[in-house]
Amino acid sequence: MDLFSEIASTFIGQLQKPTLAFLFGGMLIAALGSRLEIPDAIYRFIVVVLLLKIGLGAGIEIRKAEIASLLVPAIIAAILGTFIVLVGSFSLAKTPGVKYEDGVATAGLFGAVSASTLAVAMVMLEQSDIPFEGWVPALYPFMDIAALVVAIVLAQLHVRKKDAGKGEKGIRVWPIVTESLRGSALSALLLGLVIGLLARPESVYESFYEPLFRGLLSILMLVMGIEAYSRLAELRRVAHVYAVYAVVGPVVHGLLGFALGYVAHLTVGLSPGGVVLLAVMAGSSSDISGPPTLRAAIPGANPSAYIGASTSIGTPVALLSIPLYMALAEYIFSV
Amino acid sequence: MDLFSEIASTFIGQLQKPTLAFLFGGMLIAALGSRLEIPDAIYRFIVVVLLLKIGLGAGIEIRKAEIASLLVPAIIAAILGTFIVLVGSFSLAKTPGVKYEDGVATAGLFGAVSASTLAVAMVMLEQSDIPFEGWVPALYPFMDIAALVVAIVLAQLHVRKKDAGKGEKGIRVWPIVTESLRGSALSALLLGLVIGLLARPESVYESFYEPLFRGLLSILMLVMGIEAYSRLAELRRVAHVYAVYAVVGPVVHGLLGFALGYVAHLTVGLSPGGVVLLAVMAGSSSDISGPPTLRAAIPGANPSAYIGASTSIGTPVALLSIPLYMALAEYIFSV
Amino acid sequence: MDLFSEIASTFIGQLQKPTLAFLFGGMLIAALGSRLEIPDAIYRFIVVVLLLKIGLGAGIEIRKAEIASLLVPAIIAAILGTFIVLVGSFSLAKTPGVKYEDGVATAGLFGAVSASTLAVAMVMLEQSDIPFEGWVPALYPFMDIAALVVAIVLAQLHVRKKDAGKGEKGIRVWPIVTESLRGSALSALLLGLVIGLLARPESVYESFYEPLFRGLLSILMLVMGIEAYSRLAELRRVAHVYAVYAVVGPVVHGLLGFALGYVAHLTVGLSPGGVVLLAVMAGSSSDISGPPTLRAAIPGANPSAYIGASTSIGTPVALLSIPLYMALAEYIFSV
Amino acid sequence: MTIAAIKISVIVERFLLPEVERILASEGANRYSTYPGGGKGEHSTHPFDAASVVREFSIVKVEAIVLERATAERIADKIAYECLKDQSGIVWLEGVEVLRRNKF
Amino acid sequence: MTIAAIKISVIVERFLLPEVERILASEGANRYSTYPGGGKGEHSTHPFDAASVVREFSIVKVEAIVLERATAERIADKIAYECLKDQSGIVWLEGVEVLRRNKF
Amino acid sequence: MTIAAIKISVIVERFLLPEVERILASEGANRYSTYPGGGKGEHSTHPFDAASVVREFSIVKVEAIVLERATAERIADKIAYECLKDQSGIVWLEGVEVLRRNKF
Ligand SMILES: Nc1ncnc2c1ncn2[C@@H]1O[C@H](COP(=O)(O)O)[C@@H](O)[C@H]1O
Ligand SMILES: Nc1ncnc2c1ncn2[C@@H]1O[C@H](COP(=O)(O)O)[C@@H](O)[C@H]1O
Ligand SMILES: Nc1ncnc2c1ncn2[C@@H]1O[C@H](COP(=O)(O)O)[C@@H](O)[C@H]1O
Ligand code: NA
Ligand code: NA
Ligand code: NA
C-alpha cells in the first residue's frame, strides 16, 4: 500500500473510533444550542485522573528503563518546544496586523503540550497495537516548560525594549518553571510519576486508573468539543492569520516532531510508537495549563487571539493529525 | 403458575434487587433527617452518563435493525404520549377543585418519560434474562415530546380562550420541540445515539459505560428516594385527587402501553422485553427534563401540584410497577 | 523470624503499597505549593461511596453471621471508645498549659474512628490475604459514638461546674447519639448495612462498589495528605503536648485495641484480621464526622488544637501503624 | 475617585436566566455576574449543593451594575412584573460606588 | 416604585446554618438565600471549592432581606452575640430598595 | 449597635486571586471572603458551573469589609489600576454596618 492510501485508510479508521466521535459530538451539541454540560467538578477530576494515570504508567516503566535511553528524547523534547516557539516568533509574530506579544504567546501555546491530545494518541496506539515505551509521556514537561519559558522570555524582552529606561528588572526564568510545575496538570503528572517510580502502584493502576482511562477520555473530548465551538466566536474577532497558523502549525510541528523522533529512533532506538507520541506532543497545543501561565506572565497579550486559535482550531487539527503520524510510522517502520 | 402468583413472586424477587432498595433507602434517610447528600455535580454527571449509555446502546443496535420495524413502535410511542395527556385533560383536569392548567401540566408530566425509571427497567430485564431490542430505549423522545407538546398546547389554548381578545399570537409547536431536544437529558440520549450509529464506540461502551451503569443507577435511585420524600410536603398542600391520579395513573398508563406494545408485537414482532419497556415508559412520569419545560411554557400552573405528584408518588409507583409488566410478559409470552 | 524483623519487613512492604504512597504524595504536593486539588464534590462523593461499600459488605456478611459472635466485639468497641477518652481526660486534659475542654475534645476525636483509616486497613489486609469477618467494620459506630458521647458529656459537666448556678439544664445523651447517626458518614455506612442486610445487593456491590474501592481510596488519601500538611500550621500555634499526644496516642490506643481484640479472639473466636481492624479503629482518630459534632457540642474548645492534632499527626501515625498490627497478628496468630 | 452607580440584584431559578438576560440586554445592560445559591422562600427550600433532581430549578443570583438609576429602575420593574409575574424570585437595588467608569 | 428594606448578611461555617435559621425564624424572617463561599479570617483559610475534609466547616453566606430595621437589628444582634459568641463568622447590615413589598 | 464600615467587592478571574490577596494584605486587610461565580462582561461569557477548560479563568468574587474608608479607597485603587490594568474584572465599594468591631 502506498503512503497516501495508508494515510487515508488509517484516517478513516480512526474517525470511527469513539474518541474523535465524542469531540465532534461536543462541537455538534454546542452548535445546536444544547444545554447539555459536564459539571466543572467532574471535568477537573477527569483531568487529574487522566494525568495521574499517564504519570503512574510512565513511572512504572521508567523503573525498567535505562536512563541513557531517556536522556536523548528528553533533550529532543525540550529542543522541539524551544524551536516551535522561535519559528512562531519569526513567522506569526512578525506578520503585519499581528501584535508581537500576541504572536509569541500563540507560538508558546502551540509549542507547549496538550495532555488530552497526548492521552488520545496513547489510546489510539494501544487500539492499533503499536507499542511505545511507557515512559514517553514523561517527556511532556520537557517540551511544555521549554516552550512556555521561551515565549514568556521573548515577550518580556520585547516589552522591556519598548519601555527602555523604566525600572529595568531582570527576567527570571526559574519562577516561570516552578509556576508551571505547580499547575494542577503537571503536578498530577509528576505526582503519578514519582509514585509509579518509588511505590508499587500496579494494583490500583490496573484496577482503577487503566480501566477508567478510555471512558473518562470520552467525556473529556466532549468538553473539548463544546469549548472548541464556543471559542470560535472569539477567533473571528482577531486577524485571519491566526486561523491559518492554527491549521498549518500543528501539522508542521508534528512532522518536525516526527523527524526528530526518527533521530531518536536511530540513536537510542526510540520505538515507532514513541516517535508518534513525540510528533503528537509537538503538534498539540496546550489547553489546560498553558493559557493561565501565559496570561499571568504576558498580561499585554490578547487571550482571545491565542486561546481561540489553540482551542478552536489547534486542538481539533492536532487530534485529527494523529492518524497521519500513525500512518507514517506504519509506512516507515512497517509496524 | 397462575398470573397472580406470577406477579407476586416477580414482585417480591424484584424488591430484593438493589435498585429498588436504594430508592427506599433514600426515602428512609430523608425521613430520618440524615445529612447524607449526593453532590449536585455528581448527580448531573450520573444523569449524563446513564443517558449517553442508553443512547450509545440504542445507536449500536439501530445499525443492525430494519427501519420498518422501528417505525411502528415509534408511532405507537407518540400515540401513547398524546393519548395519556388527553385522558388526563378530560379526567384530572376537569375534576372539581383542580385548576385546568394544573391538571393538564400534571397529565403532561405523566405522559412524558422518566429516564431513570427506564434505566431501572433495562437493568431488571437484563438481570431476569428477558431480551429486548437494543433500540427500544430510543423510543423515549417520541413519547416524551408528544406528551409535553400536547400538554403545553392544551394549556395555552385554554389561557387564550380566557384572555380572548388580548394580543392573539399563534401557538407554535416547533419551539417546544427544539426546547425539549436541547434539554440536557434528551441531548445526551441523542448524542449517544448518533455516536452509536455513526462511529464504533463498542470499546468504550463495554469498558466504561456498561460496567458503571448499575452502580451509578444505584446512586441515582438514592437521589430519587431523597427527593421523593422531600416533595411529599408539597403534595400535602394540593387537592387529594392529585395523589389518587399519581397512584392510579402510572399503572393504567403502563397497562395501556403494554396493550399497544402487544399490537407492535403482533404487527412487527416487537420482543416481549420491548413490550415491557414500552409499558414502563408509558407508566413513568418525567422527572428531569419535563418539569422545567412545563414551568417555562405554562407559567400559570402550580409546580407544587404536578412536580409533587410526579416525584413523590408517580415515580415510586412507576418503579414498583415494573415487576408487574415483567410478570405479565412472562405469563403472556411465556418467556 | 523474630517480632522486630517481622514488623520491619511488613512495614517496608506496606510503605510501597500505593495507598500510603498517595498519602505522602498529597503531603508532598501541598508542601511544594502545588495548585493540584480534588474538587469538593468529588471528595464528598468518594466518602459516600466508600462508606456505602463498607456498609454493604458488612451487611451482606452479617446475614451469615451469628448474632452472639457480634455482640462481644460490639461491646468491646464501645468500651474502647469510652476508655480512650477517659485516659485522655486524665492525662492530656490535665496537663499544665492545656485547657480542660481542649484536652477532652482531642481525646474524643482520638477515641472516635476514622473511616478512611479503616478503609486503608481493609485494603491492606485483603492484599496480604489476611481474612477478617466482613461485619467487623460495622463495629465502627459503637466505638465512634461512645467516644464522642463521653467527651461531650465530660466537657459539658466541666462547663456546668464552672458556671454553677446559671440555668442548670440536664445533659442529654440521646441528641448527641442521633446527631452522630445523622452525619453523612455514619448515615452512609448504616444505609449500606441495612441494604446489605435486607436486599440482595451482591451484583451492584461486585460490579461497582468493590472494583472502585481501591482507586477511590487512593484519591481520598491524596486529599488526606494535602489536608494533613495544611493543618500543620495550626498545630504550631498550640501547646507541644498535643503533638506528643498525637504521636503516642494512636499507637497506645491501637495496642489497647489489639489486646481487647485478642480477648474477643479467645472468647468468641474473632479472626486475626478482625483483631487487626479493631486495633486500627482504636488507633485511628475521627476526621470527617467527629470534628463538626465536637465543635457544635463543645463550642468553648479550640478546634485548632484538636483538629490540628488529629488530622496533621494522628491520622498519618494511625495509617503508618497499620503494618505494626498486621505484623503483630502474623507473629501471634502465625497467619 | 469613585462614581455612584446602582447594583440590581435578582434571585431566580435557573430556567429563568435567559429571560432575565433578555431584559437586561433590552436596556443595554450587557454585563452582569451570576452566582450559584440556595434558599428558602414562599414556595420551597432549595439546597445549594446537594443534588436537586431538576437542576433548572436551582437558585441563581444575578448582579448587574449600571450607571443610571433610571435604567436600573426600568430593569428591576420589568424583571419583577414581567419575568417574575407568575414565578418565584425577588429583585432589589443597592447604591454602590464603582471605579473606572468605562468598565460599566 | 421601590421600598426601603434591610439586608442582613451573615458569614458562618456550614454547621451553624441551622442555628442561624432558627434565629431568623424566631424573628419571623422565614425567607433567605444561601451561597457557598470560602475565605480567610482570624482563624483559618477556607478554599471554596477544593476538597475540605470536614465539609461542615466550609463557608456559607446567608442573606435575608427584611422590611423593618428593628427586626434586622434584633436578628443581627442575636446572631452576633448568641450564635457566633464562641464561633467564627461575621454579620453586617446593608440598606436596600426592594420591589414588590408582598414578597418580603 | 452597628458600626459603619466599607465593603470592597472585586470580580476577577481566578488566576488573579493571589494578586488581589497581596494588595489586600499590603493595606492590612487580611480578612476576606470569596465566592464562585460566572458572568458576562466586555470580554467573554463564563459559565459558573459548567466545565471550563481553563479553570484559572473562572470568575471569583472577593468581598473584604474594612472599617476605614481611606483604606478601602486605597485598596480599590490599587486593584483597579495595578492588578486589573490589563486584565478583565471590576471593583466597587458599598457602605455597610457591621456588628462586633473587633472582628474587622
Ligand atoms: N426575603 C428574602 N431574603 C433573601 N432571599 C429571599 C427572600 N425571599 C426570597 N428569597 C430567595 O428567593 C427564592 C425564591 O423565593 P420565593 O419566590 O419566595 O419562593 C428563595 O428560595 C430565596 O433564595
Ligand atoms: N473583614 C472581613 N471581610 C469579609 N469576610 C470576612 C471578614 N472577616 C471574616 N470574614 C469571613 O468570615 C470567615 C470567618 O472569619 P473568622 O471568624 O475571622 O475566622 C472568614 O473565613 C471569611 O470568609
Ligand atoms: N456591570 C457589571 N455588573 C456586574 N458584573 C460585571 C459587570 N461588568 C463586568 N462584570 C463581571 O466581571 C467579569 C469580567 O468583566 P469584563 O472585564 O468586562 O470582561 C464579567 O464576566 C462579569 O462577571
Ligand atoms: Na506542541
Ligand atoms: Na409516561
Ligand atoms: Na480511635
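If I fit a long axis through the Cα atoms of helix E:69-78 and take the longest principal axis of the Cα atoms of chain E, what angle between them do I get, 0 to 90°, rounded to 10? The helix E:69-78 is inclined about 20 degrees to chain E. With the convex hull constructed from alpha-carbon coordinates only, segment C:4-126 shows a mean projected area of 11.9 nm² over all directions.
Shown for segment C:216-261: residues covered by the partner protein chains by 40 Å² or more of accessible area relative to the chain by itself (probe radius 1.4 Å), namely C:Ile219, C:Glu227. Its alpha carbons considered, segment C:45-87 gives a radius of gyration followed by a Dmax of 13.8, 36 Å. At what distance in nm do the modelled label points of B:Ser9 and D:Thr45 sit from each other, each positioned 7 Å from its Cα along Cα→Cβ? Placing both labels 7 Å beyond Cα along the Cβ direction yields 4.6 nm.
List the lysines whose Cα lies under 27 Å from the Cα of B:Lys17, skipping any in the same chain that are fewer than 8 positions away. Partners within reach: B:Lys53, C:Lys53, C:Lys64. Listed by chain and number, the lysines whose alpha-carbon sits under 19 Å from that of A:Lys99, ignoring those within fewer than 8 places in the same chain, are A:Lys161, A:Lys162, F:Lys85. Computed from the C-beta positions of B:Gln127 and C:Val173, the FRET efficiency with R₀ = 35 Å rounds to 0.20.
Derived from the Cα gyration tensor, the three semi-axes of the equivalent ellipsoid of the protein assembly as shown are 41, 41, 39 Å, largest first. The phi torsions of segment E:27-32, fed into the Karplus equation with coefficients 6.51, -1.76 and 1.60 and a -60° offset, translate into couplings of 9, x, 9, 9, 10, 7 Hz, rounded to whole numbers, with Gly and Pro shown as x. Chain A packed on chain C takes about 2200 Å² of accessible surface away from a 1.4 Å probe, both sides summed.
Here E:Glu68 yields copy-to-copy label distances, from shortest upward, of 3.9, 3.9 nm, the label point defined as 7 Å from Cα along Cα to C-beta. Computed with a 1.4 Å probe over protein heavy atoms only, the accessible area of F:Cys83 comes to about 10 Å². Using the Karplus relation 6.51 cos²θ - 1.76 cosθ + 1.60 with θ = phi - 60°, the per-residue 3J(HN,Hα) values for segment C:328-335 come to 4, 5, 4, 5, 6, 9, 6, 7 Hz, with x marking Gly and Pro. Once backbone amide H atoms are built at 1.01 Å from N, F:Gly39 has D:Thr34, F:His46 as its partners under 5 Å, excluding neighbours fewer than 5 places away on the same chain.
Work out the P(r) tail for segment B:73-155: percent of alpha carbon pairs separated by more than 19 Å, whole number. For segment B:73-155, the share of Cα pairs beyond 19 Å comes to 43 percent.
Normalising the average separation of contacting C-alpha pairs (under 8 angstrom, six or more residues apart) by the number of residues puts the relative contact order of chain F at 48 percent.
Loop exposure criterion: GluC sites (Glu not before Pro), DSSP state outside H, G, I, E and B, at most 15 other Cβ atoms within 10 Å. Applied to chain A, the longest stretch between such sites is A:169-335. Across the identical copies, the 7 Å label point of B:Pro131, projected outward along Cα→Cβ, sits 4.0, 4.0 nm from its counterparts, in ascending order.
Annotation for segment A:103-184: trypsin sites (Lys or Arg not before Pro) lying in DSSP loop with at most 15 further Cβ atoms inside 10 Å of their Cβ are A:Lys166, A:Lys169, A:Arg172.
Across segment D:3-104, Cα-Cα distances exceeding 15 Å account for 60% of all pairs. Around the amide H of F:Val96, modelled in the peptide plane, lie the amide H atoms of F:Ala5, F:Ile6, F:Lys7, all under 5 Å away and 5 or more residues distant in sequence or on another chain. Share of pairwise Cα-Cα distances greater than 27 Å in chain B is 42 percent (whole percent).
Listed values for segment A:96-102 are Karplus-derived 3J(HN,Hα) couplings in whole Hz (6.51 cos²θ - 1.76 cosθ + 1.60, θ = phi - 60°), namely x, x, 10, 6, 3, 4, 4, and x replaces Gly and Pro.
Can you list the residues of segment C:278-316 with backbone N under 17 Å from a point 7 Å past the Cα of C:Arg182, pointing along Cα to Cβ? Only C:289-298 fall inside the zone, counting backbone N under 17 Å. Distances between placed amide hydrogens fall under 5 Å for A:Leu270 paired with A:His265, all partners being 5 or more residues away or on another chain.
Measuring from each Cβ of chain C to the axis carrying C onto B, the nearest residue and its distance in whole Å come out as C:Ala41, 2. Taken as Cα centroids, segment C:1-72 and segment C:115-155 sit 11 Å apart, rounded to the nearest whole angstrom.
Approximating the spin labels as points 7 Å out from Cα along Cα→Cβ, the F:Asp77-to-B:Leu32 distance works out to 6.1 nm.
Give me the percent of the accessible area of segment F:3-98 that comes from carbon and sulfur atoms, probe 1.4 Å, all protein chains in place. Carbon with sulfur: 51 percent of the solvent-accessible area. Label point of C:Ile67 (7 Å along Cα→beta-carbon): distances to the other copies' equivalent points are 6.6, 6.6 nm, sorted ascending.
What the Kirkwood sum gives for segment C:149-277 is a hydrodynamic radius of 19.7 Å, with every pair of different alpha carbons counted. The modelled label-to-label distance between C:Asp163 and C:Ile75, using points 7 Å beyond Cα along the C-beta direction, is 3.7 nm.
The values are calculated or read from the model by the stated rules, or taken from the named source; none is laboratory data. Since the structure is predicted, the reported quantities are computational estimates derived from the model, not experimental observations. A quick note on method: Cβ atoms are made from the backbone with ideal geometry, for glycine too, and the neighbour counts reach across all protein chains shown. Calculation scope for accessible area: heavy atoms of the full protein, side chains included, ligands and nucleic acids excluded. Shrake-Rupley method; radii C 1.70, N 1.55, O 1.52, S 1.80 Å.
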